[in-house]
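Working notes, structure below.
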Amino acid sequence: MNHNEALTKQVYTFASELYAYGVREVVISPGSRSTPLAIAFEAHPNIKTWVHPDERSAAFFALGLIKGSERPVAILCTSGTAAANYTPAIAESQISRIPLIVLTSDRPHELRSVGAPQAINQVNMFANYVNFQFDMPVADGTEYMLDAIYYQMQIASQYLYGPHRGPIHFNLPFREPLTPNLERQEWLTSYTKKLPHYQKNINVQDISHILKEKKGLIIVGDMQHQAVDQILTYATVHGLPILADPLSQLRKYNHPNVITTYDLYFRAGLDLDVDFVIRVGKPVISKKLNQWLKHTNAYQILVQNNDKIDVFPTPPSVSYEISANDFFRNLIEESAVERNDWIEMWRTLESQARHHIDKHMSHATDEAAFVKTVIDKLTKEDAIFVSNSMPVRDVDNLLYNSEVEVYANRGANGIDGVVSTAIGMAVHKKITLLIGDLAFYHDMNGLLMAKINNIHLNIILLNNDGGGIFSYLPQKASAEAYFERLFGTPTGLNFEYTALLYDFSFKRYNSVADFTQEKLSHMHSHIYELVTNRDDNMSQHQILYKKLSGILNVTL
């Protein structure tokens, strides 16, 4: 078998195996060394390819595709520093347990460490952030060349589905010439592999006595698209409040036991004496709730459908590797405990908080008021992708009476790649992106994918000219002389030019009243810039906290 035949056999078989394990989309960043695989994916009859010239944004775009489609997605780049730009998104995918398949093309072994151009050490280059990595052999035409693909894909497949999900990395060295044989299309559909199946049952008898205590809480973080009906059923039967993070997707059901305003109450001084807590899914957004979990003496049960548990903010008393529905289904036969007073206290707090928030927002003019207006404009047909820092915290506090689905990059919690992730999701869902000006600036080049692929989404740009969240930190008062330069970081950018560059329509609003009258369009792509003030945002947030503090003094 000559070099061209061997190369073709290798890359076509590799593409075929990825398809067999569920890959339907690949994001390709242009380059020479990646030519063999790029052509293999482009020629595959059932794989959709996306071309993105910026590797950092491309990787986050792929995360959005995965979130939207619930399938693993591959990213492909050329050799050298191009691969290093994948690092932020890979770190995010590991912590968020997203099955990102990273494919880095490489120089052959004889060109490594000898000063050849565009050659860096790519072997194990993402060791801190991937669940699996393998340096593929150069195509040599032997049977072992294909065995490496079959064996390594089988090993790696455990990280594409089920409780072990996370990023995997294949480094693929290619010798020149790099163009495969376009006539051998049959090798692209030669797969025979089947997806693995994961299942794990538990015995919950060892915690049954704990669940008979009166004061219990269910706290639910990001569920990563798991079914939730058994959580709602168990909470209803047993009179337990559900403190539901916006990423849990539980809030859209408007269930009477679902509590949404807990973060505001903790900020207002809420303290609790609780017997047990059932923590479900990823850690929640609320810093105050996490601080309470760290210090409470309550018995804590952690339920996560993955083998590497998230012990943050504190190690649980016991943990179960199982889906939430299976866990609560096992508990459903337990005899109910009378908890009418307990659940009614929480329902009263929730009702009063919502009333005071609505009253406060009716005349508020700060960033939170803009966010509440955005939430009220969205329907159950919409999904909102929320940037980190202040936007996701405001959504946490203000998302109620809404059926919208909420998504965010809450693995590494970074602001890099937020735009690209949202655009990737917009391929599969009706997306509105809520983002601050610094996060928007950080990934403006990601907008190119929306332009060249005609991907539509609305972008709500909260512009307070800098890092608004830092105003809530002690540095604001203790290092005021240095604060604005080191933390506030105003840019003074006019984002109307960004809209013109990437073919987005643009409209700026300086008041909540004006924006309230605006109807969000879902035709084409739009940027709605909402101009706010950092100091005003902080002061109006503090006013709301004080109002809720007064409720606690009366209710508890």
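Among the residues making up the range 99-129, those that are surrounded by fewer than 23 Cβ atoms within 10 Å (Cβ to Cβ), hydrophobic (A, V, I, L, M, F, W, C) and either in contact (Cβ under 8 Å) with a residue 24 or more places away in the chain or on the phi > 0 side of the Ramachandran plot (or both) are A119, I120, V123, M125, F126.
Determine if the range 130-137 includes at least one residue that is in a loop (DSSP other than H, G, I, E, B) and over 29 Å from the mean Cα position of the chain (by Cα). Looking for residues that are in a loop (DSSP other than H, G, I, E, B) and over 29 Å from the mean Cα position of the chain (by Cα), one finds at least one in the range 130-137, hence yes. Within the range 35-74, take every residue that is open to solvent by less than 10 Å² (accessible area, probe 1.4 Å) and among the aromatic types (F, W, Y) and give me the one that is farthest from the chain's Cα centre (by Cα). The extreme case among them is F41.
The residues of the range 130-140 that are open to solvent by 30 Å² or more (accessible area, probe 1.4 Å), free of Cβ contacts under 8 Å to residues at least 40 places away in the same chain, of a type outside the set (F, W, Y) and closer than 20 Å to L37 by Cα, listed by number, are Q133, D135, P137.
Within this structure, I357 passes the test of being surrounded by 21 or more Cβ atoms within 10 Å (Cβ to Cβ) and either closer than 18 Å to H541 by Cα or of a type in the set (K, R) (or both).
From the residues in the range 334-354 that are of a type in the set (A, V, I, L, M, F, W, C) and farther than 20 Å from F266 by Cα, which one is modelled with the highest pLDDT? This residue is V337.
Condition check for R410 on (1) at pLDDT below 95; (2) open to solvent by less than 10 Å² (accessible area, probe 1.4 Å); (3) within 30 Å of T236 (Cβ to Cβ); (4) not small (G, A, S): one failure, at (2).
From the list Q249, Q304, the lone residue that is open to solvent by 10 Å² or more (accessible area, probe 1.4 Å) and among the polar types (S, T, N, Q) is Q249. Taking residues in the range 58-82 that are farther than 29 Å from H109 by Cα and among the basic types (K, R), and partners anywhere that are outside any loop (DSSP other than H, G, I, E, B) and open to solvent by 10 Å² or more (accessible area, probe 1.4 Å), the pairs with Cβ atoms closer than 8 Å and at least 6 places apart or on different chains are K67/Y407; R71/E25. Of the residues in the range 44-59, at least one is assigned to a strand (DSSP E or B), β-branched (V, I, T) and farther than 19 Å from G166 by Cβ. Pairs meeting the criteria (first residue in the range 494-517 and farther than 14 Å from V531 by Cα, second residue in a helix (DSSP H, G or I) and hydroxyl-bearing (S, T, Y), beta carbons under 9 Å, at least 6 apart or on different chains) are T498/Y441; F504/T498. When the helices (runs of 4 or more DSSP H) confined to the range 354-470 are screened for residues that are within 23 Å of A244 (Cβ to Cβ), those reaching at least 3 such residues are found at 367-377, 390-398, 418-426.
Those residues that are over 21 Å from the mean Cα position of the chain (by Cα) and open to solvent by 10 Å² or more (accessible area, probe 1.4 Å), I need them from the range 275-285; list them, please. Of everything in the range 275-285, just one residue is over 21 Å from the mean Cα position of the chain (by Cα) and open to solvent by 10 Å² or more (accessible area, probe 1.4 Å), namely D275.
Of all residues in the range 456-466, those satisfying the criterion of being on the phi < 0 side of the Ramachandran plot and open to solvent by less than 10 Å² (accessible area, probe 1.4 Å) are L457, N458, I459, I460, L461, L462. Of all residues in the range 255-269, how many are assigned to a loop (DSSP other than H, G, I, E, B) and at pLDDT below 95? Number of matching residues: 2.
Rundown of residues vs (1) touching a strand residue (DSSP E or B) at 6+ places or on another chain (Cβ under 7 Å); (2) touching a residue at least 12 places away in the same chain (Cβ under 8 Å); (3) aliphatic (A, V, I, L, M), yes/no style:
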{"position": "R339", "(1), (2), (3)": "no, yes, no"}
{"position": "E344", "(1), (2), (3)": "no, no, no"}
{"position": "E350", "(1), (2), (3)": "yes, yes, no"}
{"position": "L378", "(1), (2), (3)": "yes, yes, yes"}
{"position": "V386", "(1), (2), (3)": "yes, yes, yes"}
{"position": "E405", "(1), (2), (3)": "yes, yes, no"}
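Among residues of the range 144-164 that are part of a helix (DSSP H, G or I), those with a beta-carbon under 7 Å from a residue that is open to solvent by less than 20 Å² (accessible area, probe 1.4 Å) and of a type in the set (S, T, N, Q) at least six positions away or on a different chain give the pairs M145/Q10; L146/T13; I149/T13; P163/N306; H164/N306.
Kindly evaluate Y320 against the criterion of being assigned to a strand (DSSP E or B), surrounded by 16 or more Cβ atoms within 10 Å (Cβ to Cβ) and of a type outside the set (V, I, T). For Y320, the condition - assigned to a strand (DSSP E or B), surrounded by 16 or more Cβ atoms within 10 Å (Cβ to Cβ) and of a type outside the set (V, I, T) - is met. Of all residues in the range 470-495, those that are open to solvent by 80 Å² or more (accessible area, probe 1.4 Å) and at pLDDT 85 or above total 0. Scanning the range 16-28 for residues that are buried (at least 24 other Cβ atoms within 10 Å of the Cβ) and under 22 Å from the mean Cα position of the chain (by Cα) yields V26, V27. Residues of the range 27-55 that are within 21 Å of I423 (Cα to Cα) and of a type in the set (K, R): K48 alone.
When the criteria are applied in full, K288 fails the requirement of being in contact with a Pro (Cβ under 7 Å, 6 or more places away or on another chain), open to solvent by 50 Å² or more (accessible area, probe 1.4 Å) and in a helix (DSSP H, G or I). Hey, does the range 325-348 have a residue that's open to solvent by less than 60 Å² (accessible area, probe 1.4 Å) and within 30 Å of K519 (Cβ to Cβ)? The answer is no; no qualifying residue exists. Looking at V386, V419, V371, just one residue is β-branched (V, I, T), under 18 Å from L548 (Cβ atoms) and either modelled with pLDDT under 95 or surrounded by 21 or more Cβ atoms within 10 Å (Cβ to Cβ) (or both), and that residue is V371. When G22 is tested against the conditions (1) part of a helix (DSSP H, G or I); (2) more than 24 Å from L457 (Cβ to Cβ); (3) not hydrophobic (A, V, I, L, M, F, W, C), the lone failure is (1).
The values are calculated or read from the model by the stated rules, or taken from the named source; none is laboratory data. As the structure is a computational prediction, the values presented were derived from the model and not from experiment. Don't worry about glycine lacking a Cβ; one is built from the backbone with ideal geometry, like all the others, and counts go over all protein chains shown. All accessible areas refer to the heavy atoms of the entire protein, side chains included, with ligands and DNA or RNA removed. Shrake-Rupley method; radii C 1.70, N 1.55, O 1.52, S 1.80 Å.
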